[in-house]
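As structure tokens, the structure follows; a few thoughts come after it.
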Amino acid sequence: MQRLLRMICRGECEMIIQNVRVFDAEKGFLCKELYLAGEKITENRKEAEKDGMILNAEGLMAIPALVDIHFHGCNGVDFSDGTEKSLARVASYELENGIGAICPATMTWDEERLGLIADTACAHHNGQGADLVGINMEGPFISRKKKGAQNEAYICRPDAPMFHRLQKRSGGLIRLCALAPEEPGALEFIKAVKDETAVSVAHTCADYETACMAFQAGASHATHLFNAMPGLNHREPGPIAAAWEYGATVELITDGIHIHPAMVRLAFSLFGDDRVILISDSMMATGLPDGDYELGGQSVTVRGSKAVLTYEPQTIAGSVTNLMNCMRTAVLSMGIPLESAVKAAAYNPAKVIGASDLWGSLKPGCYGNILLVNDRLEIVHQLQRGNTVKREN
């Protein structure tokens with residue numbers, strides 16, 4: 001590790017990373033060299049030799065920078081603030097913590113606020129921090145009975161014309177849209193938007209039969225599995241069994257608070273590591289000390305590793321950790337194989353939102369968003385689009 005050569009690249013650069021175990025989503029870790037030419041990974045060694053830059057990463061593993069497709073905020077700000085300042089701060093924090101691409105989630109708001117968020121995302125340019133690759137529209141088309149920390153005042157029925165208006169304002173960035181399939185008009189909504197976005201079953205009271213109809217109509221994803229939905233019961237299998245039968249991808253919050261480790265292991269065993277997506281579901285308190293914060297216009301109290309609605313302390317209000325920590329927890333504390341956890345935190349989420357051609361993988365043609373980590377999954381060196389990311393550690 002001491003032999004690792006640190007460097008700051010000047011804009012686009014060429015680089016060879018040697019003596020490293022490289023993650024491959026299909027084959028696991030392979031001992032090989034990794035080549036970068038400009039912003040992207042290449043299979044042509046000659047392209048990477050132009051400037052003679054070499055990283056000797058002996059004893060380390062190369063994994064893709066992670067891709068978080070469901071989180072709300074961090075470092076004192078929220079994506080739903082709808083400002084470039086907040087979005088830039090979110091992107092910076094995420095990159096500093098090993099997340100190279102983000103698809104942040106809205107909260108349940110009215111169309112005016114959602115439109116402002118869409119406008120801001122559309123105008124954002126990936127100049128610094130993690131790359132913005134999409135929007136996760138979590139709400140307002142959810143169940144009041146399973147609203148969790150969402151604001152009930154803005155919950156409404158699934159509305160395809162509203163979605164289309166927001167999608168236009170976002171420049172096509174809405175890559176995920178959540179809904180409760182039992183709500184009036186939900187099946188019609190799914191059929192109307194499924195070709196423009198991945199539709200996710202979420203914040204729902206749906207029984208097995210209703211969830212099956214949603215997946216038959218075109219839904220393909222389940223938001224934070226186990227949370228804000230009926231559990232898996234032998235006489236009432238609910239949406240979890242339906243998601244399994246219909247091949248849906250599923251999210252897991254592996255912060256150690258939302259789901260018991262045994263259920264995380266069960267989900268990986270049941271769905272397989274090709275269909276599980278690790279998410280953080282982080283809120284604005286992430287990276288900050290205990291105190292009082294806000295989520296979706298509601299007061300949140302944070303104590304230790306848990307965030308709850310201040311006036312409904314039985315309701316968890318997102319997490320206070322980032323995706324890198326969630327992946328570490330899954331591997332080091334929950335018994336999830338490293339290869340499965342990396343796939344679920346990088347390649348799978350990018351694939352779900354249609355971004356795996358450039359993010360979440362170390363295949364040639366993808367951006368050089370690379371983490372060099374040790375066996376404790378600590379980041380020793382980081383690249384974003386082929387450029388070294390300055391780190392304090």
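The values are calculated or read from the model by the stated rules, or taken from the named source; none is laboratory data. All of these numbers come straight from a predicted model, not from anything done at the bench. Neighbour counts run over all protein chains shown; Cβ positions are idealised from the backbone, glycine included. These accessible areas exclude ligands, DNA and RNA; they are computed on the full protein's heavy atoms, side chains included. Shrake-Rupley method; radii C 1.70, N 1.55, O 1.52, S 1.80 Å.
Please work out which residue is most open to solvent (accessible area, probe 1.4 Å), limiting yourself to region 249-290 and to residues that are touching a Lys or Arg at 6+ places or on another chain (Cβ under 6 Å) and not β-branched (Val, Ile, Thr). This residue is ASP290.
Of the residues making up region 324-360, those that are buried (at least 24 other Cβ atoms within 10 Å of the Cβ) and either of a type outside the set (A, V, I, L, M, F, W, C) or in a loop (DSSP other than H, G, I, E, B) (or both) are ILE336, LYS343, TYR347, ASN348, PRO349, ILE353, TRP359, GLY360.
The residues of region 291-308 that are buried (at least 19 other Cβ atoms within 10 Å of the Cβ) and in a loop (DSSP other than H, G, I, E, B) amount to a single one, GLY296.
Residue-by-condition table, conditions (1) at pLDDT below 95; (2) assigned to a strand (DSSP E or B); (3) farther than 22 Å from CYS103 by Cβ; (4) among the charged types (D, E, K, R):
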position	(1), (2), (3), (4)
THR210	no, no, yes, no
PHE226	no, no, no, no
MET229	no, no, no, no
ARG235	no, no, yes, yes
ALA241	no, no, yes, no
GLY247	no, no, no, no
VAL250	no, yes, no, no
MET263	no, no, yes, no
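Given the criteria β-branched (Val, Ile, Thr) and surrounded by 24 or more Cβ atoms within 10 Å (Cβ to Cβ), does ILE54 qualify? Here the answer is no, as ILE54 does not meet what is asked.
Taking region 309-318 as the range and being assigned to a strand (DSSP E or B) and either at pLDDT 95 or above or touching a Leu at 6+ places or on another chain (Cβ under 9 Å) (or both) as the test, the residues that pass are LEU309, THR315, ILE316.
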